[in-house]
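Have a look at the structure below before the remarks.
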There are 2 protein chains.
Amino acid sequence: MVFVQSTQETAFVVRACAEERVPIIGFGTGSSVEGHVLAVHGGVCVDFSQMNKVLAIRPSDLTATVEAGVTRHQLSAALAGTGLFFSVDPGADASIGGMVATGASGTNTVRYGTMRENVVNLTVVTAKGDIVRTASRARKSSAGYNLTQIYCGSEGTLGLITEASIRLHPQPETAAAAVVNFPSVRAAVDSVIEAIQLGVPLARAELLDALTIRAVNAHSRTSLFERPTLFLEFVGSKAQIEAQAALMREIADVHGGGSFEWALHPEDRSRLWTPRHHAYFACLQLRAGSRSITTDACVPLSELSACIDETQADIQAHGLLAPILGHVGDGNFHCVVLIDPLDAAQYDAAEAFSRRLVARALRCGGTSTGEHGVGLHKMRYLQDEHGAEGVALMRALKHALDPDDIFNPGKVIPV
Amino acid sequence: MVFVQSTQETAFVVRACAEERVPIIGFGTGSSVEGHVLAVHGGVCVDFSQMNKVLAIRPSDLTATVEAGVTRHQLSAALAGTGLFFSVDPGADASIGGMVATGASGTNTVRYGTMRENVVNLTVVTAKGDIVRTASRARKSSAGYNLTQIYCGSEGTLGLITEASIRLHPQPETAAAAVVNFPSVRAAVDSVIEAIQLGVPLARAELLDALTIRAVNAHSRTSLFERPTLFLEFVGSKAQIEAQAALMREIADVHGGGSFEWALHPEDRSRLWTPRHHAYFACLQLRAGSRSITTDACVPLSELSACIDETQADIQAHGLLAPILGHVGDGNFHCVVLIDPLDAAQYDAAEAFSRRLVARALRCGGTSTGEHGVGLHKMRYLQDEHGAEGVALMRALKHALDPDDIFNPGKVIPV
């Protein structure tokens with residue numbers, strides 16, 4: 001374990017490891033969920049927690065530059081008073097470097113994009129120990145191959161990310177929250193699709209299925225209708241928000257939406273969204289002592305409700321306990337499969353379910369992972385998703401940028 | 001010259017050329033401006049004009065899939081009645097495949113992003129003649145390296161793009177145009193920066209410098225004040241637009257903005273924007289018989305006005321005639337350097353100016369090319385921009401994906 005304190009020091013470590021062909025595993029906060037940071041071939045863990053300086057905040061450029069170990073909450077605190085915020089919100093207080101490495105996203109992607117759309121440039125250390133800045137600080141560029149996007153989502157397998165310049169967004173004037181339940185997943189999803197088509201700039205659109213609502217009710221002592229439920233957020237001026245919410249309410253009405261609860265004041269908004277914030281932990285409490293295996297399918301919006309319906313039928317047919325949460329605007333949903341960690345049969349059943357789910361997502365024109373990444377666990381699906389030829393291209397890229405396979409070996413690309 | 005009609009046929013052509021190591025140059029509509037399609041090492045031109053089918057429009061997914069030769073106007077026509085539109089607008093009626101290959105952008109990038117943010121997946125033919133789809137149809141994915149973004153902006157040097165799935169956006173309810181002049185470039189640019197910081201969702205923010213306005217006045221018989229002038233577009237509901245315009249007017253007032261002209265009706269909007277639409281041709285008429293060399297610097301917003309001021313001083317000091325147009329929201333501006341095509345000295349002076357401009361943009365933290373690409377003419381600047389180590393990474397990528405250098409050789413990466 002090496003705690004690096006600068007890009008130069010990181011380059012020194014990489015050169016030393018490269019000489020001895022010792023594997024290097026970058027580490028941010030460890031919040032990734034696909035085994036990204038497991039040292040399956042041993043090696044040196046390069047911990048970025050001491051590279052935690054916010055190097056620059058440039059309000060006129062709407063950008064900031066941070067060291068890789070800066071966390072999301074730390075950056076938010078540094079931005080206080082600027083009127084700007086960093087939008088990517090994967091839930092955990094992840095490091096910015098880790099979020100770049102996994103191409104993180106989260107609940108407000110529908111409006112502000114994933115990490116990929118919010119990274120301006122990176123400083124990376126290559127396999128030779130060279131230090132490369134992947135792009136200038138301009139908001140756009142056509143100057144050669146897109147090195148930034150090659151490293152974004154590379155999961156530490158092509159180099160180490162030591163600094164990142166990221167986009168900031170203006171704090172919205174105000175925000176509002178709404179919660180509305182539906183007779184079916186399809187009704188909920190169709191409402192969101194129609195809203196997007198009509199240009200309602202939803203800031204968040206989260207779906208909790210009926211089972212998740214049941215979990216939330218038990219956990220938070222709420223009495224929400226146990227139906228598929230949307231948690232929505234609107235941002236803008238008060239007038240804009242009211243117009244958006246009115247349109248959303250009309251759309252929901254057409255699709256059989258139940259009582260449209262809505263809140264403008266911060267504390268009311270927070271209360272309304274509490275079930276969503278607690279959903280994951282509420283799910284874990286559905287069966288005492290259970291652990292979860294969380295899936296991450298993402299499909300085109302038109303396929304989302306059918307894919308969720310089929311997945312729920314699969315869950316029932318196999319007697320699994322697996323509440324579903326979705327980032328509906330992106331077509332991304334997570335099944336939280338609850339298992340007894342000591343029961344191998346339950347683990348195998350969850351794994352088999354996960355395989356069927358990935359196959360279903362791919363049949364729907366989607367992907368095996370919307371935001372969690374490949375890591376160790378999704379490598380087996382890469383060829384199904386991209387074909388042998390696509391994987392060959394990725395392997396050629398890996399060989400080109402990391403010929404001795406020193407960066408996070410055994411992840412992303414099956415060697 | 002080969003007119004391909006399908007991806008399979010394209011793969012056949014690539015395999016045939018690869019066997020004989022004959023260069024392959026993809027061709028869309030020829031609207032690129034950096035010599036991208038010149039066959040500097042001879043070879044076969046693969047013309048995509050007959051691959052011109054719109055394969056699918058999926059309103060629920062807000063995506064369309066097209067063959068590479070479909071042009072922007074053709075796609076717009078196909079989208080009529082869907083309530084959706086394709087946002088990337090580089091001016092010319094370029095092919096979608098060409099726009100992907102050059103990473104095109106244009107006037108409404110400030111709101112909708114460049115081609116990079118609007119491409120979902122691509123079908124490409126690799127150097128081996130393999131057919132690869134770079135990603136699924138999901139709106140986001142973390143499943144391995146970002147092949148889509150490797151090919152987007154690769155300028156035909158890594159493979160041939162035969163199909164593209166692209167994002168569509170809801171047609172805004174209505175639009176409004178505004179024109180306002182300023183005492184200085186800085187005042188104009190600062191107004192746009194403040195508007196963006198305050199969350200005004202400008203759809204377009206174009207700057208014409210005083211000389212461009214003079215050219216427009218002469219060309220279009222208008223009588224605009226010959227001062228730096230912003231051409232703005234607002235979109236949304238009528239109420240939203242009015243709120244945006246009111247805020248923009250206040251901001252402009254603070255910065256000494258002249259009469260704020262504003263139009264809501266389509267014909268008035270069109271009249272107000274006519275000078276912008278005719279600006280390039282008006283510039284060419286400033287000196288009869290001249291040709292233009294167009295630059296493409298892009299810098300962080302905070303550096304934009306200083307960079308333009310210094311550039312205007314440079315233009316004056318060297319006795320050049322070079323009106324300036326800028327996509328202010330992106331930090332991108334073009335100098336239209338007018339020269340007598342038969343006068344070698346003028347050509348050399350324009351080239352020298354272009355070199356100084358690129359050096360200035362890089363000093364400002366910017367890029368040698370915001371949207372036109374590298375092609376033949378910007379290769380000389382790649383190392384200044386990315387360093388020897390950055391260029392080495394790009395070269396490694398080129399060697400990995402096109403080991404025999406058959407795709408558009410002599411472009412982007414100096415071999």
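Every read-out reported here was derived from the displayed coordinates using simple, explicitly stated rules and does not represent laboratory data. Given the structure is predicted, the values throughout are model-derived calculations rather than measurements. Note: ideal-geometry Cβ built from the backbone for every residue, glycine included; neighbour counts use all protein chains shown.
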Qualifying residue in the range A:111-123 (condition: farther than 27 Å from A:G329 by Cβ and facing chain B (nearest Cβ under 7 Å)): no
Any hit, the range B:160-168, residues being more than 7 Å from chain A (Cβ to nearest Cβ), in a loop (DSSP other than H, G, I, E, B), in contact (Cβ under 8 Å) with a residue 12 or more places away in the chain and farther than 22 Å from A:A297 by Cβ: yes
Test: residue in the range A:281-293 that is surrounded by fewer than 17 Cβ atoms within 10 Å (Cβ to Cβ), in contact with a helix residue (DSSP H, G or I) (Cβ under 6 Å, 6 or more places away or on another chain) and at positive phi: no
Residue in the range B:337-349 that is under 20 Å from the mean Cα position of the chain (by Cα) and more than 7 Å from chain A (Cβ to nearest Cβ) present: yes
Residues that are small (G, A, S) and exposed (fewer than 15 other Cβ atoms within 10 Å of the Cβ), drawn from the range B:247-265: B:G256, B:S259
Exclusive hit being free of Cβ contacts under 8 Å to residues at least 12 places away in the same chain and not hydroxyl-bearing (S, T, Y), set A:E310, A:E250: A:E250
Residues that are within 21 Å of A:I131 (Cα to Cα) and either in contact (Cβ under 8 Å) with a residue 12 or more places away in the chain or crowded, with 22+ Cβ neighbours inside 10 Å (or both), drawn from the range B:386-415: B:H386, B:G390, B:V391, B:L393, B:M394, B:R395, B:L397, B:K398, B:I413, B:P414
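Table: residues versus (1) over 30 Å from B:A39 (Cα atoms); (2) in contact (Cβ under 8 Å) with a residue 12 or more places away in the chain; (3) surrounded by fewer than 24 Cβ atoms within 10 Å (Cβ to Cβ).
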position	(1), (2), (3)
B:L158	no, yes, no
B:E173	yes, yes, yes
B:L230	yes, yes, no
B:A245	yes, yes, yes
Pairs with Cβ under 7 Å, 6+ apart, first in the range A:356-384 and at the interface with chain B (Cβ under 7 Å from one of its Cβ atoms), second outside any loop (DSSP other than H, G, I, E, B) and of a type in the set (F, W, Y): A:S368/A:Y381
The one condition in (1) crowded, with 24+ Cβ neighbours inside 10 Å; (2) under 30 Å from A:H41 (Cβ atoms); (3) out of contact with any Gly (no Cβ under 7 Å at 6 or more places or on another chain); (4) not charged (D, E, K, R) that A:G144 fails to fulfil: (2)
Residue within the range B:218-228 that is buried (at least 22 other Cβ atoms within 10 Å of the Cβ) and closer than 26 Å to A:S141 by Cα present: yes
Any hit, the range B:87-108, residues being touching a Leu at 6+ places or on another chain (Cβ under 6 Å) and buried (at least 21 other Cβ atoms within 10 Å of the Cβ): no
Residue among B:A187, B:A195, B:A135 that is touching a residue at least 12 places away in the same chain (Cβ under 8 Å), in a helix (DSSP H, G or I) and more than 23 Å from the chain's Cα centre (by Cα): B:A187
Residue that is surrounded by the fewest Cβ atoms within 10 Å (Cβ to Cβ) [pool: residues in the range A:110-141 that are among the small types (G, A, S) and under 23 Å from B:A143 (Cα atoms)]: A:G113
Top-ranked residue in the range A:216-241 [being within 14 Å of chain B (Cβ to nearest Cβ) and not in a helix (DSSP H, G or I); ranked as farthest from the chain's Cα centre (by Cα)]: A:S237
Selection within the range B:56-72 - within 25 Å of B:G236 (Cβ to Cβ) and under 18 Å from the mean Cα position of the chain (by Cα): B:R72
Where A:Q312 falls short, out of the listed (1) under 30 Å from B:I57 (Cβ atoms); (2) within 20 Å of the chain's Cα centre (by Cα): (2)
Hits in the range B:1-24 (condition: free of Cβ contacts under 8 Å to residues at least 12 places away in the same chain and of a type outside the set (A, V, I, L, M)): B:E9, B:E19, B:E20
Qualifying residue in the range A:142-150 (condition: more than 7 Å from chain B (Cβ to nearest Cβ), out of contact with any helix residue (DSSP H, G or I) (no Cβ under 7 Å at 6 or more places or on another chain), among the polar types (S, T, N, Q) and touching a residue at least 12 places away in the same chain (Cβ under 8 Å)): yes
Unmet criterion (only one of (1) within 12 Å of another protein chain (Cβ to nearest Cβ); (2) crowded, with 19+ Cβ neighbours inside 10 Å; (3) aliphatic (A, V, I, L, M)) for B:L207: (1)
